[in-house]
Amino acid sequence: MELSHFKIGHEGREVFWNAEHFEPFLFFFTFIALVIFAYGLYRRWLIWSAIGKAEPEDRKSNWKVRLKNLVIDGLLQRKVLQDRYPGIMHALIFFGFLLLFFGAAFDATEFHVAEPLGFAFLTGKFYLFFSFLMDLAGLAILVGVFMALDRRYLSKPDRLGYRGKPDNTPDDAIALLLIAGIVITGFFIEALRIAVTWQQTPWEVWSFVGWTLASALNGISEPTARALHKGMWWVHTFLALGFIAYIPFSRLLHMITTPANYYMATLRPTGTIEPIRDFENAESFGVGTIEEFTWKQLFDSDACTRCGRCQEGCPAYLTGKPLSPKKLIQDIKTYWLEKAPAAIQAKKEELRAKMAAGEETDKCAKVLAFLDKIDQAIDKYVPARPETGEKALVGEVISLDELWACTNCMYCMENCSAAIEHVPKIIGMRQYKVLMEADFAPELQLTYRNMENNSNPWGVGSHLRGEWAKDLGIKTLAEDPNVEYLFYVGCAGSFDDRGKKVSIAFAKILQAAGVSFGILGSEEGCCGDSAMRGGNEYLYQSLAQANIEVMNGYGVKKILTICPHGYNALKKDYPHFGGNYEVYHHTEFIAKLISERKIKLKKSVADYVTYHDSCFLGRYNDIYDEPRKVLKAVPGLQLLEMERNLAKSFCCGAGGARMWMEEHGERINDARAKQAIETGAQTIAVGCPFCLTMMSDGLKTHGKDETMNALDIAEIVWKAMDLEEEKPPVDVCKT
Amino acid sequence: MNIIACVKQVPDTEAQIKVKADGSGIDEGGIKWVMNPYDEFGVEEALRLKEKFGGEVTIVCLGPARAMETIRTALAMGADKGIHIDDPALYEADSYATAEALAAAIKGLPYDIIFCGQRAIDDDSGQVGSILAELLGIPVVTMVTKLEVEGNSAKATRPIEGAQLVISTSLPCVITATKGLNEPRYASLPGIMKAKKKPVDIKNAAALGVSGASKAKVVKFVPPPARPPGKIICADDTPEGKAAELVKLLREEAKVI
Ligand code: SF4
Ligand code: SF4
């Protein structure tokens, strides 16, 4: 082949060099690879849709936002890159592949469209740049693959396994080696071509990897090079096509499912749980069998890449509980894969029956019927997997210890690189245990009875709810419904001795700032968060409705809370039931009072303070800055950060109804208190009464309750305002 | 097996009890009503027997209209049907009149075993179970913490001072339940929903053929005196001095030793 039309100034290369007659074969094999790919995807779709039930949540509308999520997280890898080493590793492979993919597309366009039409564009400077970029991309992929091999087989971080046992599958190695193989053979093809043509094409030095490799092949005879090139060309082609065909049957499927999952990711406020709507007529509640998951929930687990980001910060996992969010998702997936053959069979029967009865006449059904035929043909040759014995989803596939260990801290969902929604699945299964089987921890049963009878988890008489405010001159809404803000105190602030101090501090701050507010007193009820997150949706809704009735009765519009759980429920969940309010957490509100100069912080309270991000403030509601701003406004206060903070904060252990349950083994609050102690701070500042209890208890465990303390931000601020003389403890015998 | 569980609706243990100004009773405003906890043990045991031997559990309850909620609670736990004795003539019934009404309601029913709570936590009289057994002419074992039913007899364990007493009895009999017998179940949601549709017979005194006449009459309700504040012993700083002062106070002021 002459190279006359390539010369300096018109640099370029012949696309099918030394492979002139391969093209029809290439088309043929590509077609086969694509058919296998499509069939694999269809098969997968059949499984999700055959097993899962309809998805009640809208996953389609608002396409602009969805597309944005897809671009930012899927294409630009925002979430993936939040983790340095694995992020870079994945980005090298991903972007490298993307470039090579577009490169191949360019090549194809050049050869099939541009050149025949006479406007070849892969020439000149652009060609040089293109060559350089393609080699760079290949190199990046190789570096990424080596990083991945190192992680998986040498450095083996815990998150790529479960309790020190790597969860590697042959598929992991195959995928990585396929990728490496494609790139390496690609480089060799390039090098062999350059080894033959380099004298005519000195610009190929821009294909710097191929050029270097070609120099290493120096002295190879042209016929040998050409023969080797031909062989290598086919190896490369088959690897690449094999890769495409392999996608739906391997972990590579995440190339499709993960971006799709980003597109379909919930757009509702973090942590929203789809309320059960029809208690009267529903046959079953919650998720007791795999079929009670929605198809999207099953699809989710096919988007999981086993990256382990979720596991790395799961407080349950890190304190030795059997729960790992990654394992949970993977166990669900393994289970539905086991169920798949039977489910597909059933789905086909159903379709056949429908078609026989003439019920399904739309196009979709026809396509399905066609695919069904393919399937039947293939089923003849591929024996069905033997069905394993029946296992219960809840209790066996997912053990009860796993199910109940979750604190609903939202670490997993917030940090997942595939937009997987773990928490709703966990709550769904809890709903099944609580609502359907009424089989759950006795201590939690007691809590729920207390909430039923006295509208608080401790079971203290509900008439005592307003007692804490007795001597503070705070009006109830019954006395004055015209106040601007309702201070919704919540159960901890009303009944727990430690929590009451926080309510008092906040109320005094409000009074000093001249804020018009009132409380509901004994008309207030439990917000229901612990019921909802513990699976007792029925109790939760009855509590929510009772509160909404009272608050709407007074025409409440703005609400202040000191408890992030109440804050979250009132703000984001009550609208489901007709409670629409403007809700502020006290840290937000205090920050506002400070910036408006309504209160002044004059006195120093503690020198070194570390702030513990509550899950329901931080990850659930994105309130990270306000509490820190408030703390920094305290004179002389220096804020020390724990390593796990902000969106990666470590839960205190109280969320998800865990506050009311026994904890066995290492306690989450102790682990967190230890992290706080390690900062060297004297005070752990919190914005949640449950975190307050948990951190105080943790300090006691570590014998630090004498030298350190846990304080709510409201308490710190009230002290710093210096409006009340601190009374030294009274010696009763001296008075 | 035909099992009957008698239940009473009482104020929640944490409820604020206010005596009416005229001392005629308690002010019911704002009170949360619940099933008497001891009756709950009875209902639970009834359900466990039903699960073991098959049969039916009937709930019998005396009380005003609000008591229906308590019957539904027992039905939600898994009982099959209820009898609600609702008659103003019986609202002030003493233990005897109550037992008489219950006996009248139960008489016409087939039964192998009858459960009552060992006492109700509101009036604490603890007599209804025994009187009921007497009126029906069957044996009673009170304060039962363990029950084993076999064929036509039952072995019931009850605590006595420092020991356990195991009592054998023939069926039918009355068992009064106390803490330790079991852990009452939490009602499932389908249970709650189904309970709404289970049959409950409402009967008045006339239908039962009882007069409702009490043998005992409450003269007056008086709230307990407010608890006096605690005392801190300061007299002497030495442990011995404090102990001496404590003994003196216990003897002279509190008059307990
Ligand atoms: S919500 Fe928190 S505790 Fe629950 S699985 Fe996720 S990371 Fe673990
Ligand atoms: S659930 Fe998400 S974060 Fe966890 S392993 Fe799977 S992809 Fe990674």
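Some points to look at:
- Förster-model FRET efficiency, 35 Å R0, A:D471 and B:A213, C-beta, rounded to 0.05: 0.10
- Most mobile listed residue (B:A163, B:A97, B:A226) in chain B, GNM with C-alpha springs under 10 Å: B:A226
- Least to most buried among A:V80, B:V247 (fewest other Cβ within 10 Å first): B:V247, A:V80
- A:L640 long-range amide H proximity, modeled H, under 5 Å: A:V609, A:T610, A:Y611
- Backbone HN-Hα couplings from phi across the range A:50-58 [Karplus 6.51/-1.76/1.60, Hz, Gly and Pro as x]: 6, 8, x, 8, 4, 8, x, 7, 6
- Each eigenvalue of the Cα gyration tensor of the range B:2-208, multiplied by 5 and square-rooted, gives one semi-axis; in descending order these are 25, 20, 18 Å.
- Förster radius 51 Å - calculated FRET efficiency between A:T212 and A:V35 (Cβ-Cβ, nearest 0.05): 0.85
- For the range B:70-128 and the range A:572-640, distance of Cα centres in Å: 55
- Dimensionless Rg over Rh [the range A:1-127; C-alpha; Kirkwood]: 1.10
- Built amide H within the under 5 Å cut-off of B:T176, gap 5+: B:C116, B:V141, B:T142, B:M143, B:V144
- Farthest toward positive dipole pole in the range A:79-204 [+1 Lys/Arg, -1 Asp/Glu at C-beta], among A:L136, A:A191, A:Y162: A:Y162
- Taking a quarter of the surface of the Cα convex hull of the protein assembly as shown gives a mean projected area of 56.3 nm².
- Overall form of the range A:470-558: oblate. Here a/c, set by the Cα gyration tensor axes a ≥ b ≥ c, is 1.5 or more, and a/b is not larger than b/c.
- The C-alpha atoms of the range A:226-369 occupy a region whose extents along the principal axes are 76, 57, 29 Å, arranged from largest to smallest.
- Residues of the range A:411-433 with amide N under 15 Å of a point placed 7 Å along Cα→Cβ from A:A392: A:429-433
- Computed on the Cα atoms alone, the convex hull of the range A:443-721 gives a volume of 118 cubic angstrom per residue.
- Projecting the Cα atoms of B:F115, A:L351, B:L90 onto the charge dipole of the protein assembly as shown, computed from C-beta unit charges around the Cα centre, puts A:L351 farthest toward the positive end.
- Sequence-distant residues sharing a close amide H with B:D201 (under 5 Å, placed H): B:G82, B:I83, B:H84
- When you filter the trypsin sites (Lys or Arg not before Pro) in the range B:172-257 for DSSP loop state and at most 16 other Cβ atoms inside 10 Å of their Cβ, you are left with B:K179, B:K196, B:K197, B:K215, B:K217, B:K220, B:K231, B:K255.
- Placing unit charges on the Cβ atoms of the charged side chains and taking the dipole of chain A about its Cα centre, the candidate lying farthest along the positive direction among A:I684, A:G579, A:I329 is A:I684.
- Beta bridges from DSSP with both residues in chain B: antiparallel share about 40 percent, rounded to the nearest 5.
- Estimated vicinal HN-Hα couplings, Hz - the range A:526-541 in sequence order (Karplus 6.51, -1.76, 1.60; Gly, Pro = x): 4, 6, x, 3, 5, 5, 5, 6, x, x, 9, 4, 5, 4, 3, 5
- Paramagnetic reach from B:I17 in the range B:76-117 [backbone N under 15 Å; point 7 Å along Cα→Cβ]: none
- Considering only the protein assembly as shown, percent of DSSP beta bridges that pair antiparallel, nearest 5: 30
- Cα gyration tensor, the range B:21-87 - rounded (a/c under 1.5), prolate or oblate: prolate
- Point-to-point label distance, B:D201-B:V256, nm (Cα→Cβ direction, 7 Å offset): 5.1
- Legend: mean number of C-beta atoms from other chains within 10 angstrom of residue C-beta atoms, peptide B:1-14, equals 2.
- Note, ³J(HN,Hα) from phi for the range A:562-568, Karplus 6.51, -1.76, 1.60, rounded to Hz, x at Gly and Pro: 10, 10, x, 6, x, 3, 5
- Computed helical MRE - 222 nm, chain A, DSSP H runs ≥ 4 contributing -39500 (n - 2.57), nearest 500: -16000 deg cm²/dmol
- Sorting B:Y111, A:Y317 by the number of Cβ atoms found within 10 Å of their own Cβ, with the fewest placed first, yields B:Y111, A:Y317.
- For the range B:104-183, applying the loop criterion from DSSP together with a ceiling of 16 other beta carbons within 10 Å to the GluC sites (Glu not before Pro) yields B:E161.
- Charges were assigned to the Cβ only: +1 to each Lys and Arg, -1 to each Asp and Glu. The resulting dipole of chain A about its Cα centre is roughly 980 debye.
- Flagged links, alpha-carbon separation over 29 Å, of A:K500/A:K704; A:K700/A:K727; A:K326/A:K380; A:K500/A:K632; A:K354/B:K194: A:K326/A:K380; A:K354/B:K194
- Note on the range A:621-735: Rg/Rh from Cα positions, Kirkwood definition for Rh, rounded to two decimals, is 1.01.
- Model label sites at A:T169 and A:A346, defined 7 Å from Cα along the beta-carbon direction, differ in position by 2.3 nm.
- Sorted by Cβ neighbour density within 10 Å, fewest at the top, the residues A:R306, B:R66: B:R66, A:R306
- Cross-link reach list, aspartates and glutamates versus B:K215, counting only Cα pairs under 14 Å and skipping chain neighbours closer than eight places: B:E92, B:D94, B:E100
- Degrees, to the nearest 10: A:422-431 long Cα axis against longest axis of chain A: 60
- Cα-centred dipole magnitude for chain B, charges only on beta-carbon of K, R (+1) and D, E (-1), debye, nearest 20: 460
- Taking a ≥ b ≥ c as the square roots of the eigenvalues of the alpha-carbon gyration tensor, the range A:75-241 is classed prolate because a/c is 1.5 or more and a/b outweighs b/c.
- Rule-of-thumb Rg ratio for the range B:89-154 [Cα; 2.2 N^0.38 Å; N residues]: 1.17
- Three principal axis lengths of the range A:136-225 [C-alpha, angstrom, descending]: 58, 23, 16
- Selection of trypsin sites (Lys or Arg not before Pro), the range B:1-63, meeting DSSP coil and at most 11 other Cβ within 10 Å: B:K20
Rule-based calculations on the coordinates, nothing more; no lab input. Remember, predicted model here, so these are calculated numbers, not experimental data. Don't worry about glycine lacking a Cβ; one is built from the backbone with ideal geometry, like all the others, and counts go over all protein chains shown.
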